[in-house]
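The values are calculated or read from the model by the stated rules, or taken from the named source; none is laboratory data. These numbers come from a predicted model, not from an experiment. Glycine gets a Cβ as well: all are built from the backbone with ideal geometry, and neighbour counts include every protein chain shown.
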Amino acid sequence: MKKDIALVLGGTVPHIVLLQKLKERGFHTILVDFLKNPPARDFADEHIIESTLDNEKVVEIARERNASVVISTCVDQANSTCCYVAEKLSLPHPYSFQTSLDVTDKRRMKEIMWDNGIPTSRYLKVKSFEEAQALNLNYPLMVKPADSNSANGVKKVHDESELEQYLPVALQFSRNGYAIVEEFIEGVEISAYCVIVGEKAHLVMAQERISVIEGKENVIKCYASHAPARISAEALSKCEPIATQLARAFHLDNTPLFFQGIVQGDDVSVIEFAPRVGGGISSQTIKYSTGFDIIDAAIDSFLGRPISLEGWHPMSRIYAVNQIYGRNGIYSHTTGTEPLLSSGVIDNLSFYKKPGDRIDESRASSGRIGVMVFSGSTEDELRNKIRQAFTTIDCKDNEGRSMMRRDLNLDSLWNVSIKGNMQE
């Protein structure tokens, strides 16, 4: 019996689970990624080396292979390609191509949020330092590309000289030639993971993001997260209404949606959002902590089937995700993981890098080797597990030297993390 074809755009770590889920549903999976050896490659039935951003090329592949669905659950620009291809070939998709452009262009996103009364920081869109000089915004500021993935080009600037230094970097990463300059709001940074059902948001999990800014280039590294987010009940209660506002402003329904926000006391301000599954291993953390399979929900959304909240339950344990960062070099292998996994000190361990990959500390994503998930019934239990893992595990470079950043762990920086996001 001939299988339906699922074209998956992007070979990222979260798409490993996506590929597995699609196979469970009986699909023949074809991965499209311009890299020769992306993390998810070995989990696909086939791998085609092409850019996920080349709309017409993906249309050509989908038509030639008679794809039943073109899907990407956690990559903004690839999600937009999916919607473009689906509209061209009359395939099911979660929202229109125009909507995908509105939510991947941070300039347009901020305009729509502002026009619809969604709480967000003051901002301006610029395409030159000369434009930025005329801004009437209060320092510090966040500078970011208008339409790029990940944290590339995102900087916190404290004065005009730093703005002059880092704005060109943001513009370099922007495909449309614009950058967003917005006022920086102090507070606790959160990710609120929701699903939109019947035009109403249902909060699945609120997670606290913990970051540092380091180095001469002010690199922002989100090295850990904590769930549930350590915010007031009043602030938490505002997450669902805000997500519902976002869904209505952008004409979204029957889709996962998460927003990143800053919490000051009981107030929540939206940084940005995406109608998709979160990156990293957030989908796994949601599954472990709440029983809800948000990857399955995303597949239903792409297939045009109603999303069900069946299986969701409130969190009964505390969860932490801690990235494993490395120092500059060529990654070889990691030691000491098996006893920690078998004894339950670590709930889950995933790797972004493979042996032979280069580690580059100057960029947040290029500096990550892997990621660990921990859980505990108390904060002390959670911290003890993180401490044990960072004492036992080691990452080696190709010359056998340790390259693991042991300092970037939630236990060591616990007292700093609870004071707010992006501590310097």
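One residue stands out in segment 316-344 among those that are crowded, with 17+ Cβ neighbours inside 10 Å and aliphatic (A, V, I, L, M): the one that is farthest from A201 (Cα to Cα), namely L340. When each of Y193, Y223 is tested for being at pLDDT 95 or above and assigned by TED's automatic domain parsing to the domain that holds S301, the lone residue that passes is Y193. Of everything in segment 157-170 that is of a type in the set (A, V, I, L, M, F, W, C) and out of contact with any helix residue (DSSP H, G or I) (no Cβ under 9 Å at 6 or more places or on another chain), the residue that is modelled with the highest pLDDT is A170.
Regarding segment 337-345, can at least one residue be identified that is within 24 Å of the chain's Cα centre (by Cα) and modelled with pLDDT of 90 or more? No - not one qualifying residue is present in segment 337-345.
For segment 272-313, the set of residues classified as basic (K, R) and either in a loop (DSSP other than H, G, I, E, B) or crowded, with 24+ Cβ neighbours inside 10 Å (or both) consists of R276, R305, listed by residue number. Taken over segment 36-64, residues that are among the β-branched types (V, I, T), surrounded by 19 or more Cβ atoms within 10 Å (Cβ to Cβ) and in a loop (DSSP other than H, G, I, E, B) amount to 1. If only residues of segment 17-35 that are crowded, with 19+ Cβ neighbours inside 10 Å and either at pLDDT below 95 or within 19 Å of the chain's Cα centre (by Cα) (or both) are counted, the one that is farthest from A62 (Cα to Cα) is V17.
What's the number of the only condition in (1) under 24 Å from P92 (Cβ atoms); (2) at pLDDT below 95 that Q284 fails to meet? Going through the list (1) under 24 Å from P92 (Cβ atoms); (2) at pLDDT below 95, Q284 breaks only (1).
Can you say whether S269 is surrounded by 21 or more Cβ atoms within 10 Å (Cβ to Cβ) and either out of contact with any His (no Cβ under 8 Å at 6 or more places or on another chain) or touching a residue at least 24 places away in the same chain (Cβ under 8 Å) (or both), as far as the supplied structure shows? Taking the combined requirement at face value, the residue does not satisfy it. Going residue by residue through segment 236-251, is there one that turns out to be without any contact (Cβ under 8 Å) to a residue 60 or more places away in the chain and not in a helix (DSSP H, G or I)? Within segment 236-251, one or more residues are without any contact (Cβ under 8 Å) to a residue 60 or more places away in the chain and not in a helix (DSSP H, G or I). Checked against (1) touching a residue at least 60 places away in the same chain (Cβ under 8 Å); (2) assigned by TED's automatic domain parsing to the domain that holds V154; (3) buried (at least 20 other Cβ atoms within 10 Å of the Cβ), A179 passes all but a single condition, namely (1).
Yes/no matrix, rows are residues, columns are (1) in contact with a Ser or Thr (Cβ under 8 Å, 6 or more places away or on another chain); (2) of a type in the set (S, T, N, Q); (3) within 24 Å of G26 (Cα to Cα):
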{"residue": "S289", "(1), (2), (3)": "yes, yes, no"}
{"residue": "D300", "(1), (2), (3)": "yes, no, yes"}
{"residue": "L303", "(1), (2), (3)": "no, no, yes"}
{"residue": "E310", "(1), (2), (3)": "no, no, yes"}
{"residue": "M315", "(1), (2), (3)": "yes, no, no"}
{"residue": "I318", "(1), (2), (3)": "yes, no, no"}
{"residue": "Y325", "(1), (2), (3)": "no, no, no"}
